Structures are given as structure tokens and as C-alpha cells.
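Report on the structure given below.
The values are calculated or read from the model by the stated rules, or taken from the named source; none is laboratory data. Keep in mind that what you see is a predicted model, and the values were worked out from it rather than measured. Cβ placement follows ideal geometry from the backbone for every residue including glycine, while neighbour counts extend to all protein chains displayed.
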Amino acid sequence: SHSQSGPSQREERRFAEVPRESIKLMAESTGVELSEEVATLLAEDVCYRLREATQNSSQFMRHAKRRKLSVEDFNRALRWSNTETVCGYGAQDALPFRPLKEGELFFVEDREINLVELALATNIPKGCAETMVRVHVSYLDGKGNLEPQGTVPTAVQSLSEDLLKYYQQITRAILGEDPHLMKVALLDLQSNSKIAALLPYFVYVISGVKSVSHDLDQLNRLLHMVKSLVQNPYLYLGSYVRSLVSSVMYCILEPLAASINPLNDHWTLRDYAALLLSHIFWTHGDLVSGLYHQILLSLQKVLSDPVRPLCSHYGAVVGLHALGWKAVERVLYPHLPAYWANLQAVLDDYSVSNAQVKADGHKVYGAILVAVERLLKMKALSLTLAAEGGCAGLPGTATGAVGFRENSLGLSPPPEPLSEPPLGIASHLQAGGAGCPWEEWTPVSLPAMYCELYSFFGDSLAVRFSTGPPLGGATPPGPCQPLEGRKEPASSAPNLENTRKMPQLTASMNISPRRDGSPRGAPPSGSCQPLEGRKEPASGAPNLENTRKIQSRDIFPKARFPLPQAGPPAFSFIIGGRQMGRRCQGRRFQTSFTPTPPHTTLPPRAYAHKLPVIGRVSKPVRRWTCSHYSLHLPL
Amino acid sequence: MAAVQDGPMELDAEKEAKPEILSDGTSNLSGNTASGTLSSSPLTAAPAGGAPKMEDQQTLIAVLQFLKRNKLSESVEILRREAGLGEHQEGSQATDGSGGGKGDGDGGDANSLLSRVSITSAAAPQSMPVKSDCIINIFRCDLPFMFMLSEDQPDVSVVLSAYSQQGDPPLYQVYYSGLKNFIESVLDCHRAELSQLFYPLFVHMYLELVYNNHETEAKAFFDKFSGDQECYYQDDLHILCGLTKKEHLKGNEVLLDFRTSRFVLHISRDSYQLLKRHLQERHNNQIWNIIQEHLYIDIFDGMPRSKSQIDSMSGSLAGEAKREVNKAKVFYGLLKEPEIEVPLDDEDDEAENEEGKPKKKKTKKDSLGSKSKKQDPNAPQQNRIPLPELKDSDKLDKIMYMKESTKRIRLGPENLPSICFYTFLNAFQGLTAVDFTDDSSLLAGGFADSTVRVWSVTPKKLRKVKSAGELNVIEKESDDVLERIMDEKTASESKILHGHSGPVYGVSFSPDRNYLLSSSEDGTVRLWSLQTFTCLVGYKGHNYPVWDTHFSPFGYYFVSGGHDRVARLWATDHYQPLRIFAGHLADVTCTRFHPNSNYVATGSTDRTVRLWDVLNANCVRILTGHKGPIHSLAFSPNGKFLASGSTDGRVLLWDIGHGLMIGELKGHTDTIYALKFSRDGEILASGSMDNTVRLWDSMKAFDEVETDDFTATTGHIHLPDNSQELLLGMYHSKSTPVTHLHFTRRNLLLAAGAYNSQ
């Protein structure tokens, strides 16, 4: 651009040069018209002055004992040569110099900053840590000292004394021995409005889950800490959500060191963590874009990895379950056929050495069962609502809320979504991310889904949809009585073998929780089915209403399901039963479910007949199950 | 404790800041004659103490010539009358200055030179009404200023020097090529010597072209010949090639230096004759004139030097040092230690007795004491520079020092020191300077955010003295009064000193640990009390960034050097400098006191080290050989040697007595910011930006040098390339450039620097 007429054509430029055109442009922008000649002269002079200032500024850099020339250095050089200094570029970091493709234009990126946002942000940036000197014997008699020097102290010291004290007290209380103190600390963490500056440190502490994976108690406490932070209305979690989620996911998915000992009830921890995950997601999911997508992806990854231990799979299932039935439908359901084979193999192995693994397998089985059950139910409900125009609020939600408030977590339950999460899938669809297995997902019709699921679970699925007498009325058989040889209702599964072995768990259903003051330390039984259920043929409205009257506490109002499709309803199921568990106190529940008429013949069940053993345990089923997984779920 | 008696020089004129003011002043004067033609030289100075009459006369003659040329006959008459000069004096005096070292400079040149000056000034005929006496006045008032700058012979032609039109611009290439061809054709032994001419000739011819507005020719000339220059001139060439306009010449300090100083070359008589004959045969007046005008050829008898000999000495901004400059006698010996009764430390002895060791201590101490009692023949007189009397506390400290030194580890190639690294963490604001007290109890850091921070390295915390009110109620007769005056409430590990308004580039503790000096970009040096942790004095004088400051080993005096190209000697109780050491052609980057406090060494961006006599502010040594700005200096403990480190990563060792380079230590890959000799001088430690500390066998380096009479007189040394043998150890820090090094009294090496997290 800088043309030089004359005999010597310079092959290379020795310096960056300001072209004449730039000078003219700059002049024009201030309203001055320059002739070519003047512009050329000015350009040359500007180049020279810039070089001179740069050379002068380098000595300030040298004397500051730096290698990098800073804006400060340049400004000093300008100031000492009585030139106006450049304002506004005092940043420590290098300023990115970007090209603009269209116009051969280069510019320094200078983003606009929203001052309001900056001012109101509660995550105060880290202060500068204090300058200090540390001594280290680097070489002793000429030999290097390998003793670690430790890390550079960070800005923790810059917190005010009070905050620091608070931080220490709180962490000590939560991780300490005293349950009362812990409770107080958690409560305060949940409501304190002045701890924004400490958030990074708490998040950091929580990320310590990875180092205490052997200690269920500590993990639990850290999860409670997460819960308190999440519930604190004064905290803006911002991008820390990601860190919290990763800590929680760790508890859900990782084969914790604590799970080596079968006596450790890591299942509860996973359940709790899953619930927490869903809570974080539903309350703070909007803070991090694509979070839903990422969570699903990692859950799916675990689920599809056969090398992972069963407890990880269990975590993935409960995680999906906690994220809502849509997540189950999209990730778990398509995976089921593939997964089933592995699970089957575990469950069919009767060797003694396999006992423990098999018990884990039952856990997974139970978790899947609960998940798909709700999937079916919610899907049916959504169909109904769609048919009814979604008029009534979802009654189940309120019920769920009641149930949740009773549980030990004290978390408010996530509202059961009938729609997709607002950000998750929608955002990832917008982003157009490729390679997501559930992206090409096409909705499966409810009957088809039911049929397929039935092919896996057989009656253990069916048993949830009670066919028996109305809930409150009938006295179920004795706890240990096996229900083998029960006839399969022809209507639902005409091709089934007659001699299907029914899961035993149904036999135990009506143990009153009050009766069992079972010891806390009792090992978990293989069963995770706290539900009592009977399958009953759809008997129409009168029957349902009847049932309703009998129930003392009508939790799930029975709805009539006019079929979305034309034609009379063929079936209507009612799920009902009594919730078991320490806290549920035998609360009854019941729900109705309307599958589309299974007119089509069901496919031959390749798996179902192989599943006679679910819940069959040598010990009485009335055993207290420590894992009250299903209690956390709004049915 | 008396202040230094005023030397034979006047200091009043020093209130004005830089020597550059000089040029400003004169260019103001000449503003209506011809801009840029009058560039005054800081080198035009009179010999110290001598009558400035001679110079006055010469200046007058030059002015007269100038006036004559401009047909200002009336002014000439007036001036001549006032000055009482005869007409005959003009011609004979004019070349006096240039005749000195050149052997045979012909007198006609000065006239032609002056005539050239007048050609350019003739371009501004409106300069007539300049009053001659006013010119004289300005020269007069400048003179006291100048006459300290250097003892170089004055040269009026340089005062009025300008690059004037001479010869056809395109012919410059022909001239230069001609000389180049000639030099390439001469015998090998002469070629290396004559090749020295290339660089200064190249620069001056280029500048002449630029000055006369032959921009195109200048560029062509540069492109053609810049590749031939020695690689160590790259930095200068880089500046040069950016300069293509006459207007740019004016403000460029580096070139101002180049023009106003004479580039010094050492050439053997044989080579010089060869050159002279060649130039005369070819009538190559252009080059001959430049040689006469801008070069100083120091001719010696004897063997021509080899290329490596030349390379080791060249590289500075203005060539090598003239030989006679380094002939002055330097009293490099140490002063006699005051006699102090060393009380036997009972506790120590008991402890050693308990361990069953024989009680040899006493004899050891005696031998140590007697060593310093001997008068060093090379030492200056004890009272050559008035030194403060020892206080009781100083005596106590001396005793402590002696005790410590008995426990000192003897270092050597087989016994290297342990290194303790003091890492500054979270120094976001930029660590710019570090110093330790001699007893290694305190550490000071200067930062780019204008603060100075002091840390206590020992468990003893830093405490302030109580306020005046509180001090009143203290029992003054109590034994522990010194303890009682301290305010326990203020005890802390570190203290921050606020006061500067720019980055702090230099810090220095006083030997008695009561004071701390800091020099800053804001142009001041500040004295801080370490009793009250407040600023006591701000010494103003540099007016430009002060790059370094250093306390005298006896306290009281300190030296500072800065961007104004001068170093200043101060006494803590004087707000004005006692001496000004001027002569460097560029910034004074580092300053160090000689152990006997009689001399000051300065390193500069002009790539020379100079040694100055505190007594008379004379420059007694100019040491050339560095190829980059010098950023660190260290005297050996015996005062005989000096080490200097520069941005080129090399450490050079100098024999002060002979003014000779005696060693070159290559190895560092970046600027050396720290140099320190061990307490007994056996080991030299160097610390650099390249994150390493290197230890060198200084004993071996000093011993291997043959300082026979011949080398001493000619100054031609053969440097053995033995850096690898002398390197005893190289120690890496992870990511911490080494900013400062310090040997404790027991020879433990302390290094300091700021951790760089990137």
C-alpha cells in the first residue's frame, strides 16, 4: 500500500506501516480532506513516530524485568516524549487483534460490557491475593531439592475475616460429627444472603466428592450442602451449576469406593443424588445452556457401557427417571432391548459367586421397572390431557408434592413435566448437534410401547396395573405366599404361557409399615418393589368410582379416559397400592391408566418367560428395604 | 560526619535537568539561523579544573568563522573587539582539538568543515540579527555544565557539526564500495583492523544522505550495505533504517549521540598507513573527511590485532575506549578496617568447649584481624573521601560480621554454595527490584505499582517506633530503651511504603539497616526510614526515570543513574547531588559503589561500563565489549575486579587496575539482571531472565589471565574461550526469573525473583 517511487524497490518491508489510505480515512472521519501528498508524508511520519515510541517503550519493559511489552510501557514512553497517552487499553491480557474478512479490516476487539449486569452480579470476582515471599531451599550443596514447594496461595486470604470464619465454621459443621450442628449449618447455608463471595469455595469443597468416595456419610453431607446452596434464594449459581452438577453426577454414576462393601447402602445415595440432580436441573437448568443435553449424554454413555458395574447402570436409570419420563422415553426405552440381554445374563446366573452381582441386578431391574411404569403412566396421561385439551391441572403433581414433603430430603419435587424441558432438547435441536442417538427418535405409540415393555417384564409390569379387587378393600394374601401359577388374563396376553411364574414381591405388599420396626442396619433385600398392586380388568366407570369411595384418602383421582382414537376404550388400568417405607406409613395410592386397546397380537415374548425370579428371595419379603427409591417418585 | 568538601567543580548549574537541555538551549538560539545545524555535544567539555579560556577562545573562533561566512562583518568586528582576539588566531587554533590522537591530521580540514557548516546555515539568511554576545553568553553558561561531562579534548567542529552536502549522493555507494574493495584486498592481518571502519562510515554516510534529504539514495545505500555490518550492531541498524527523514534526526537520541561523539577505533600504525595511502591515491575525500570529522583513530605501534581481539572489545555505541582514558591510576585496594576489639563470645566458646573442640578460635580471629590491618598498596588514602564515623551500633555490627565470617563456608569448585530461593508470589503488580540487607535479615522489593515492600526474613517482626507522644513517657534511662521505643502493635512480617508515583526500578538498603533507598520512574530517589517506615527525603534532580540507585558500603553516600544519561552522587543529608558523572551516551542503567567507596561503576545502554572517581567526578575507566545494554554490575570483594552482565546474556570480567577485559562468561540465554561475588570472591553467581542461576569459577578466571606488561600497555588480550570450564553449576527455577542474588555472611546464596505463572 505504501508505494515508493524510485529506483530502489524494497523487496520486503522492515516495519509495519500505516498506509496512506488509512491516514486519509482517519482524516476524513474527522472531516479533513487530505491530498495524496500530505497523506503520504503524514503516513511516513506516523510510522516513524510509532517506531520511535516503541523503541523508547522497550526500555521500560527491560527495566521492569519483563519480556512482554505492555500498554503501560508504551504509555510511559509517550508521556516522557510529551505525547498524549493512549487511554483505555490497560488490560493485563493481550488484546485480540481480529481481521474482518470482508473488508481487509483489522481491529482490536472491544466488547461492550453491560455495567448493570456487572454491578448486580453476586459472584464477586476473586480479589487479588496478597503479595508474599516464600523461601525454599532450591539447591543444597549443589543438589536440587525435590521437596514440593506447594501451590501458590490463592485469594482465599483476601476474603474478609468474618467470611473466612463463616466458611470455616460451616464446612466444619457440615462435615463434622454433630448432626445437630450440621442441620443448623445447612439451614443457614440455605437462607444466608451474604455468602455470595464464598460460593466458589463451597463449590470447591463440594467438588471434593471425588476424594471421599469411600465415605458414604461424607458424600451424603456434601450432597446436602449442594441442596442447601441450590435452595438458597440469594445465591446466583451462574456457571457454578456445571460444577455442582458434575459433583452430583459423580455420586449418581460412579462406582463409588463405598459400594465395594455390600453393607454400604450406596443405593440410597444414588437415589438422593438423582433427585438432587433433577432438582438442580429444574430450578437452575436455564443457567447453563445445553445442560440437559449433556446430562442425558453422559447418562446414556454409562448405560450403554457394559463394562460399567451394575451400580453405575442403576445410577443412570434413576438419573433418567429423575429427569422425567421424557428422558426415560428417549434414552432408556430405546436402549432397553440392548441392555436387557446383559441384565438377563446376570439375573440368570444362579451361582453362589454371582449372588452379590445378581442382587445388584435386581436393583437395576427394579429401577427400570419403576421408570418404565411411570413412562407408561405419564404417556397415557399426556394423551388424555391432549385429548381433553389439557384443561385440568395435573392432579398427580400435587400428590407428588405431598409425598415429597414427607420424605427425608425436604426437597420440593420437580413438577412432572408433560412437555420437554424448556432448554434442554429444544436448545440442542436448535444447535443442530449431530450424533445424538435420541435425536432421530420417533415417538412410539403407547400400545406398542406397552407391548414391548411387557415382553420384557411380563407380569411384573402387569402386576402394577391392578386387576384385583379395589384397593383398600381386599386383603392380600399372606406375605410369603408365592403367587406362582397365576393365570395370565387372556385379554392382555393371549399368547402367554399359562404357567408363568409371578414375581413374589406382590406377596409382600400389604405388610403394614407400622408393623415393621425393622432395624436400620438390616441389609437391603433384593426387592425394591414397595408397591402393591393388582391387575384388574377395566371395569368401567362405576367400578372406578366405587373404588374411589372406598379409599379413605384419594390420592390419584381416577380419570376416565376417553380414547383419543375413535371408538370405545378397550382397557383401563388402575395402578393402586400402598407405598411402603418408613415415612410413607402405608399411604395408599392409585392411579389409572388407559392403554390403547391391544388389539394387535403381542409379539412373542422372548424375555418374559425367563424372568420368573424377580423378587424371589430366601428371606421374607417383609424385610425392610432401606432403599426407598420409589418413594421419591411422584407416581 | 562531614559532607564531602566541594570538589573543584561547580555544581550550581546542575539544577537544570539533563544535558539535553543543552542542545535544546542551543537549538533555540539557532532556531532562526538554521534548524538542526547546531547540535551541541555533551562531549565538548574542558579538562577538569583547567581554565576554560582555551575553550572560550575556540568557541569564539568558530563563531567568528560562522559570522564571516554569513557576511556578518559588523558582528564579527564587535565580537572580535569584545573578546580581544586577533585575526591571526582563527586559522591556527581551529584544528587544535582534532590534532590529538590522529597522528597527522591536516589543518586544512577544519576550514573546509567550517565552510560546510556555513553552507547549510546560509540557507537561512534571516539569521543576521543574532547578537554575537548573546551567543557567547549562552556558550559561557553552558560551559560549566559541559566541562564536567568529559575530559575529552574539545572540538569546536563537533559543536557545530552538521552533515552537509558534499559530493554527489549516488556516488556514496561508489565511495563505500571502493573502500570495501580495498579493505577486502589487503592482507589478512590488516583486513580485520580496517574492517572496523565499515560500521561508523556506513552510519555517517547514511545519516549524511538522510540529512541532505536524499531519501531514496539513503535507502538504496542502506539496503546495499547494511548486510555487511557486524551482527552486534543489529539493534542500532534497526533504529537507523527506520530513519529516513531529516526531521526525524533531530529528536532521535541515539543518533544524536552517534553524531556528537567520535567513534573510537584502535588501529595499528601499519594498517593506518595503508588506509591513508589508499585514500590519498584515490582522492577519496568524502571518506577521508568523515574519518577526520567523526572518527577518532587511536593508532598504536605493534602487531595488528586479530578479528577475535577486535570483536571482543567492540560493540559499544561509540566504538572502543581511547587508550589514554584508561591510563588513570585507580586505587582499587580496600580501606583499612577500623580496629575493633572483638570481645570473646563466652557463650559460643562454652558451647564449643562442651562439644570438646579445641579452643582455636582466638588465634583465628587474630589472623583475620591482622589481614585487614595491613595497608593495601593499591588502596586510596583513608581520608581520600570523607567517610562517616563509626557509631557504636556499626561497631557491634562489625563484630557480628566477624563472628559470622568465622563460620563462613569456604567455597570453591568442589564446594558449591547452597541456594535458597525467595519467590515473590502473587506479584501481579510486577516485581521490578529486590535488595537484601548485608546481614540477610531484611528483604525489600520494588514494584511496578509504585510501592516498596519490606519483609523481615527472620522471625523478628518489623516494628515501627512509637509516636512522639508515646515516646515521651518512656523511661529513657532504662537498659532496654531501644526495645521500649518500638511499638509492638505495629509488628508485622512486612511493611508497604507508599510514596512514589511510578514503578520502582531500584532499591538499596543502607549498610546499617536504618534506611532504604528507592529510585523510580517518577524521577526521584526516596530515602525511607526503616524505624518509622516513612519517607524521609525525596531527592529530585534526575527529572527523568531513575533506573538504579545504590548505597555506599559505608553508608551516607549513594549513587543514582537514570534516563538522563548521568549518574549522580548524593549524600543523604544533601538535597542536591554532590557529583554528577556525565559521559555516557545513553541511559545509565545500573550503578554500583566500589567496596572502598572511592569509585562508582555505571553500566549503560550505550553498552559501556564506566568507572568514576568520586573525588573529582572524573571518568577513570571506559570498558567496552558488551553487545547489549548493561543491566548488572558487581565488584569483587577485594575491589580488584568488576563483573558486568548485559542483555546479550554474557558476563564480562574486568581488571580494574589495568582497565582490561579478562574474561567472558557465555551461557545465559537472556538478560542478566543479577551478579554477585561470594564473600571471599571465589565464586561469581549470575542470575538471569532465563530462570537460571549460574555459578562461575571466578578464581580460575582471574588467575588464568596473563597480565604482563605488554598486554597491560597495549590492552590487547587474548581471551580464552573457556566459559564451559569456568561454569561450575547451572540451577533452574521452575518459572521464576532471577532478579537479585545475595551471599549471606556465611556464603549461603540467596536468590530472589517473582514467580511467573504463565
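The listed residues are B:GLU208, B:GLU230, and the only one of them that is on the phi < 0 side of the Ramachandran plot, more than 12 Å from chain A (Cβ to nearest Cβ) and surrounded by fewer than 20 Cβ atoms within 10 Å (Cβ to Cβ) turns out to be B:GLU230.
The condition of being buried (at least 20 other Cβ atoms within 10 Å of the Cβ), assigned by the TED database to the domain that holds B:LEU517 and either out of contact with any helix residue (DSSP H, G or I) (no Cβ under 9 Å at 6 or more places or on another chain) or farther than 13 Å from A:MET132 by Cα (or both) holds for only one of B:THR451, B:THR432, that being B:THR432.
Of the set (1) at pLDDT 90 or above; (2) away from chain A (no Cβ under 11 Å), all apply to B:ALA701 but (1).
Of all residue pairs spaced 6 or more apart or on separate chains, those with beta-carbon atoms under 9 Å, a first member in the range B:470-494 that is on the phi < 0 side of the Ramachandran plot and assigned to a loop (DSSP other than H, G, I, E, B) and a second member that is surrounded by 11 or more Cβ atoms within 10 Å (Cβ to Cβ) and of a type in the set (Ser, Thr, Tyr) are B:GLU493/B:SER456.
Residue by residue, here is whether (1) within 14 Å of chain A (Cβ to nearest Cβ); (2) hydrophobic (A, V, I, L, M, F, W, C) holds:
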residue: B:PRO388; (1), (2): no, no
residue: B:LYS403; (1), (2): no, no
residue: B:GLY412; (1), (2): yes, no
residue: B:TYR422; (1), (2): yes, no
residue: B:THR432; (1), (2): yes, no
residue: B:PHE436; (1), (2): yes, yes
residue: B:SER441; (1), (2): yes, no
residue: B:THR451; (1), (2): yes, no
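State whether one or more residues within the range B:547-562 are within 14 Å of another protein chain (Cβ to nearest Cβ), in a loop (DSSP other than H, G, I, E, B) and not hydrophobic (A, V, I, L, M, F, W, C). The answer is no; no qualifying residue exists.
Of all the listed residues (B:ALA634, B:ALA571, B:ALA567), the sole one being touching a residue at least 60 places away in the same chain (Cβ under 8 Å), among the aliphatic types (A, V, I, L, M) and either farther than 26 Å from B:GLN234 by Cβ or buried (at least 23 other Cβ atoms within 10 Å of the Cβ) (or both) is B:ALA571.
Could we say that B:ILE267 is aliphatic (A, V, I, L, M), more than 24 Å from A:LEU42 (Cβ to Cβ), touching a His at 6+ places or on another chain (Cβ under 8 Å) and buried (at least 19 other Cβ atoms within 10 Å of the Cβ) here? No: the conditions fail for B:ILE267.
Just one residue in the set B:PHE222, B:PHE198 is farther than 23 Å from A:GLU52 by Cβ and either touching a helix residue (DSSP H, G or I) at 6+ places or on another chain (Cβ under 9 Å) or at pLDDT 85 or above (or both); that residue is B:PHE198.
Starting from residues that are more than 10 Å from chain B (Cβ to nearest Cβ) and in a helix (DSSP H, G or I), keep the ones in the range A:59-84 and report whichever is farthest from B:SER757 (Cα to Cα). Here the answer is A:LEU78. Across the range B:243-297, the qualifying residues are those that are in a loop (DSSP other than H, G, I, E, B) and within 14 Å of chain A (Cβ to nearest Cβ), and the one among them that is nearest to B:ALA586 (Cα to Cα) is B:ASN252. Could you tell me whether any residue of the range B:469-484 is under 38 Å from the mean Cα position of the chain (by Cα) and more than 25 Å from B:LYS395 (Cβ to Cβ)? Checked the range B:469-484: no residue is under 38 Å from the mean Cα position of the chain (by Cα) and more than 25 Å from B:LYS395 (Cβ to Cβ). Summed over the range B:499-532, residues that are on the phi < 0 side of the Ramachandran plot, touching a strand residue (DSSP E or B) at 6+ places or on another chain (Cβ under 8 Å) and within 14 Å of another protein chain (Cβ to nearest Cβ) total 12. B:VAL465 meets each of the listed conditions (1) buried (at least 20 other Cβ atoms within 10 Å of the Cβ); (2) among the hydrophobic types (A, V, I, L, M, F, W, C); (3) more than 10 Å from every other protein chain (Cβ to nearest Cβ) apart from (1).
One residue stands out in the range A:40-52 among those that are surrounded by 17 or more Cβ atoms within 10 Å (Cβ to Cβ) and more than 9 Å from chain B (Cβ to nearest Cβ): the one that is farthest from B:ILE239 (Cα to Cα), namely A:THR40. Restricting the first member to the range A:67-96 and to residues that are over 29 Å from B:ASP648 (Cα atoms), and the second to residues that are of a type in the set (D, E, K, R) and modelled with pLDDT under 85, the beta-carbon pairs closer than 6 Å and six or more apart or on different chains are A:PRO96/A:GLU109. Every condition in (1) assigned to a strand (DSSP E or B); (2) surrounded by fewer than 20 Cβ atoms within 10 Å (Cβ to Cβ); (3) modelled with pLDDT under 90 holds for B:GLY657 except the one numbered (1). Taken over the range B:680-706, residues that are touching an Asp or Glu at 6+ places or on another chain (Cβ under 9 Å) and without any contact (Cβ under 8 Å) to a residue 24 or more places away in the chain amount to 0. Considering only the range B:533-546, I want to know if a residue exists there that is assigned to a strand (DSSP E or B), closer than 30 Å to B:LEU578 by Cβ and within 14 Å of another protein chain (Cβ to nearest Cβ). Yes; the residues of the range B:533-546 include at least one that is assigned to a strand (DSSP E or B), closer than 30 Å to B:LEU578 by Cβ and within 14 Å of another protein chain (Cβ to nearest Cβ).
Give the residue that is nearest to B:LEU431 (Cα to Cα), with candidates limited to residues of the range B:715-758 that are at the interface with chain A (Cβ under 10 Å from one of its Cβ atoms) and of a type in the set (A, V, I, L, M, F, W, C). Restricting to residues being at the interface with chain A (Cβ under 10 Å from one of its Cβ atoms) and of a type in the set (A, V, I, L, M, F, W, C), the top hit is B:ALA754. Scanning the range B:298-310 for residues that are in a helix (DSSP H, G or I) and not β-branched (Val, Ile, Thr) yields a count of 3.
When we screen B:THR647, B:THR671 for residues that are within 14 Å of chain A (Cβ to nearest Cβ) and touching a His at 6+ places or on another chain (Cβ under 6 Å), the only hit is B:THR671.
Here the condition is being at pLDDT below 90 and part of a strand (DSSP E or B); of B:ILE717, B:ILE662, it holds for B:ILE662 alone.
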